[in-house]
Structures are given as structure tokens and as C-alpha cells.
1. I'd like to check one number: the per residue accessible area of the chain, probe 1.4 Å, reported in Å² as a whole number.
2. If I take the Cα coordinates of the range 143-190 and project them onto the principal axes, what are the three extents in Å, biggest first?
3. Where q = 0.09, 0.12, 0.19 Å⁻¹, what log10 of I(q)/I(0) comes from the Debye formula for the range 137-304, counting one point per Cα?
4. What relative contact order, as a whole-number percentage, does the range 137-304 give when Cα pairs under 8 Å and 6 or more residues apart are counted?
5. Please state the charge dipole magnitude for the chain, taken about the Cα centre, from unit charges on C-beta atoms (+1 on K and R, -1 on D and E), reported in debye and rounded to the nearest 20.
6. Sorting check: for 280-290, 317-327, which peptide has the highest mean count of neighbouring beta carbons within 10 Å, and how do the rest follow?
7. Looking only at C309, C141, C294, which one moves most when the chain is put into a Gaussian network model with springs between Cα atoms under 10 Å?
8. Hey, what number do you get for the chain at 222 nm if only DSSP H runs of n ≥ 4 count, each worth -39500 (n - 2.57), divided across all residues, to the nearest 500?
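The values are calculated or read from the model by the stated rules, or taken from the named source; none is laboratory data. Remember, predicted model here, so these are calculated numbers, not experimental data. Neighbour counts are summed over all protein chains in view; Cβ atoms, including those assigned to glycine, are modelled from backbone coordinates with ideal geometry. The protein model used for the area step is the full one, side chains on, heavy atoms only, and it has no ligands, DNA or RNA in it. Shrake-Rupley method; radii C 1.70, N 1.55, O 1.52, S 1.80 Å.
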Amino acid sequence: MQNNSDIKNMKILAIESSCDETAAAVVENGRTVLSNVVVSQIAEHRQYGGVVPEIASRRHVEAINSVVEQALSDAGLALSGVDALAVTYAPGLIGALLVGVNFAKGLSYAAGLPLIPVHHLRSHIAANYITTPQLEPPFLCLVVSGGHSHIVAVDGYTKMRIIGKTRDDAAGEVFDKVARTIGMPYPGGVNLDKKAELGNDAAYPMPHPRLADAPYDFSFSGLKTAALNIIHNAQQRGEEVNAEDLSASYRRAVVSCLTENVLKAAHDFGYRKLVIAGGVSANSLLRRELARECGERGYELYMPELKYCGDNAAMVGAQAYYEYLSGNTAGLSLNAAATRSIELG
Ligand code: KG4
Ligand code: ZN
């Protein structure tokens with residue numbers, strides 16, 4: 001097995017299967033994407049209004065071989081041209097994760113390549129290393145996805161501390177839930193975002209939940225219930241809500257919770273470099289508001305390119321490079337985990 005210092009241009013073949021995207025990519029030195037293949041199952045899950053875990057696992061099994069082959073061929077490489085393998089092993093849907101983990105273990109054994117286990121949220125953060133090649137820790141990161149909402153102090157590539165997190169639902173989850181109740185197809189977050197661009201964000205008053213004892217934590221379930229009540233009350237009266245106005249009002253409320261807490265954390269902990277990551281970092285209001293607020297404060301702000309906000313394997317290959325440099329490789333005993341803290345990696 002090669003040692004860290006032997007590899008000059010390290011090419012990592014990365015695999016991601018934590019939810020409803022089967023993805024593989026080849027990334028060089030954590031920054032340069034040589035290929036990036038994503039096969040989405042969204043169309044199939046849409047008819048059920050959300051991801052069906054059993055279906056997700058089956059589709060991963062069907063797709064993974066050709067997705068990996070495509071990633072290698074797009075990069076112009078054979079497996080022998082790759083220096084290491086990386087795989088998302090936690091957190092996520094356990095059955096879905098296991099497909100990627102077992103495939104990567106088999107490949108690692110067969111090809112004699114090192115295997116690098118990557119935490120899904122760490123990889124979302126690393127999407128920024130692809131978009132901004134000069135970006136380096138330390139920085140403060142708002143990680144917002146379908147399953148998580150964290151404020152993370154990234155003090156090194158593999159050194160992370162959770163400053164705040166959601167006490168209940170994740171930001172992506174509540175966007176999806178409200179969008180679905182308004183009648184938008186899964187995944188609702190992006191559709192709600194588009195509708196919101198056309199609406200009046202002051203039309204429906206929304207609460208602004210704050211946790212007195214934990215100023216960096218979030219609580220979105222009350223906000224979600226407030227929006228759902230508006231829809232249900234209107235239905236009971238035989239009226240229709242204005243989808244554009246409700247989307248705009250609700251999006252404004254969620255985004256102001258996110259921006260308020262991350263800006264407070266940046267101020268209190270002395271970070272002047274802010275980063276956003278995860279599926280919800282594609283939200284157009286979140287991007288605009290943070291750009292404005294950071295501009296006013298003289299903070300640097302980094303955001304992933306839209307194609308790297310959602311789940312993909314290029315971000316896994318990016319983080320894997322730094323995990324490898326810090327000595328984080330796994331043997332064939334590697335297992336998937338449905339939950340695991342980003343701090344543990
Ligand atoms: O990171 P991600 O692709 O998967 C998880 O790791 O969960 O995040 C998916 C989440 C979904 O809830 C989706 O609705 C949300 O990100 N999302 C958005 C937008 N684009 C994706 N939420 C708000 N606005 C968007 N533009
Ligand atoms: Zn994700």
C-alpha cells in the first residue's frame with residue numbers, strides 16, 4: 001500500500017449512495033474533478049412524495065456498477081490508474097449506504113487500493129474546495145441538508161466542532177414538507193424556492209423561533225406547523241392559499257433563522273470567513289441574504305457551485321483526500337452507520 005508522501009497527484013475514485021443519488025467521481029488532490037457521474041432516483045420516489053428507503057437500496061444496487069465504470073471512463077482511467085477509493089459511510093439511509101460501502105470494500109480488496117471512509121456532511125463542506133480551490137480552514141460553516149442543520153467550526157480539514165444544530169427538523173426537511181402540503185412535487189425545496197421568487201414575503205406572518213438557552217441552535221418544527229396550519233385553515237374555509245406568497249413568507253422565515261444564528265456564531269466565535277454547504281445551500285434567498293450580510297460586515301463568504309450543493313461523489317473525493325492525509329483509512333471491517341457526528345468523522 002502506498003504511503004501518504006509517495007503520491008504526488010493523488011486520484012481518488014469516490015462513491016456516494018447515502019440517499020437517492022447513486023454517484024461516482026474521480027478527483028485529483030482534493031480539488032480537481034476529473035469526472036462526476038450522478039444518477040438520480042428522484043423521478044421514481046416522487047410518486048410516493050418522498051424517498052422510499054427500500055426502493056433506494058435496490059436502485060443503488062442496479063446502478064452502482066455502471067455509474068462507477070462511467071466515472072472511470074469519463075476520467076480516461078482504468079482502475080489501475082486510481083490511487084485510492086473513497087466512500088460515504090455515514091450518516092444516511094442504512095440500506096442505501098451499505099450498497100456503496102460494500103461495493104467500495106469489494107473494489108478495494110480486488111484492486112489492493114486503500115479505502116477512505118467519508119462522513120457525508122464533511123463531504124458537503126468539501127464541495128467548497130472544488131468550487132474555490134484556494135479555500136482553506138479555519139472557517140465557520142452552515143451545513144444545511146435534507147437531514148441536518150448544523151453550524152460547524154471547521155478548524156482543520158478533519159477537525160470540526162458543532163457550534164449549533166437543529167433541535168428538531170432539518171431545514172431541507174421542513175422546506176420539503178411545506179412544499180408537499182402546498183402541492184409541489186418532491187423534492188419540494190427547490191420548487192418552493194422558485195415559487196417564492198414570485199411572491200410577497202410579508203403576506204403571511206410567521207413566527208421567528210429562538211431558543212433562549214441556545215442562541216446557535218435551530219428549531220424549525222414550530223415554523224413548519226405554523227405554515228401547515230395556514231394551509232389547513234384555508235382548506236377548511238374552502239379557500240386556497242396563495243402558493244407564491246406563502247412560499248415567500250415561509251422561505252423568508254426559515255432563511256432568517258439560518259442567517260441570524262450563523263452570523264451571531266461568526267461574531268461570537270471570531271470567524272470572518274463563512275461557508276455554506278448541503279442541499280439547502282442552493283436556496284437563492286439564503287445565498288443572497290448571506291452575500292449581503294457578509295458584504296456589510298466585511299466577511300468572506302464561500303458557496304458551492306449549484307451542481308455541487310446536492311449529493312454527488314466529487315465532494316466525497318475532495319474530502320477523502322484530506323481524510324487520507326490525516327491517516328484516516330479503513331479496512332474490510334468498515335461498516336455503514338445511519339447516524340454519526342460530523343465531529344467524529
Ligand atoms: O444535501 P442534500 O442533497 O441531501 C441530504 O443530504 O439530505 O439535501 C437535500 C435537501 C432537500 O430537502 C431539498 O429539498 C433541499 O436540500 N433543497 C433546497 C433547495 N435545493 C435543494 N431547499 C431549499 N431551496 C433550494 N433551492
Ligand atoms: Zn447530502
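1. Values: 14050 Å² over 345 residues.
Counting only protein heavy atoms, the per-residue value for the chain is 41 Å².
2. 42, 20, 10
3. Computed log10 I(q)/I(0) values: -0.29, -0.51, -1.18.
4. Numbers: 316 pairs, mean separation 44.5, N = 168.
Relative contact order for the range 137-304 comes out at 27 percent.
5. Numbers: 30 positive and 36 negative charges, 62 e Å.
That gives a dipole near 300 debye.
6. Values: 280-290: 21.2, 317-327: 24.1.
The peptides rank, most packed first, as 317-327, 280-290.
7. C294
8. Numbers: 10 runs with 147 residues, N = 345.
It lands at -14000 deg cm²/dmol.
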